[in-house]
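Data first, discussion second: the structure below is written as structure tokens.
Any read-out appearing in this document is the output of simple, stated calculations on the displayed coordinates, not a laboratory observation. A quick note: this is a predicted structure, and the numbers were derived from the prediction, not measured. Here Cβ is always computed from backbone atoms with ideal geometry, including for glycine, and neighbour counts include all displayed protein chains.
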Amino acid sequence: MRIYLVVLAAALAAACGSVAGSGPTPSPSPSAPAGAVVVTMASDRQTVTAHVGDRIQIALGEQYKWQLDPPDGVVLTHPVQNYLLVRGTQAIWLASATGQSTIRATGSANCPSGQPCPLFAILFTANVVVSP
């Protein structure tokens, strides 16, 4: 009987582990592909560094509805986008020249259509320093 309980406990632990690992797990910050810098909520009021030619992935998540200010057009540019963005990513910009630029975004509540929605704003800023 004791061996049966040990085997049963091991089987349950294995089953729980496989169930817990089978669903999507939220990632606090997406991983950057080669040649990319990911800017997340953790980058708020921080400075991130990039090199000319790097892609800047702005991934602030889905908790809020984000409105990005456009890039400066010199240091950071918005390339032609012929691909879909990953969920939680608002934009992918290009580090086009050396210098410094600021990413600014305003977040508001994500509310279902036709439902009352609280009015508030979340302000996000991150400085990007681009080197050769």
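Taking Lys and Arg as +1 and Asp and Glu as -1, the other residues whose beta-carbon sits under 14 Å from that of LEU85 total +1.
Converting the Cα gyration tensor eigenvalues of the stretch 39-96 into ellipsoid dimensions via √(5λ) gives semi-axes, longest first, of 18, 15, 10 Å.
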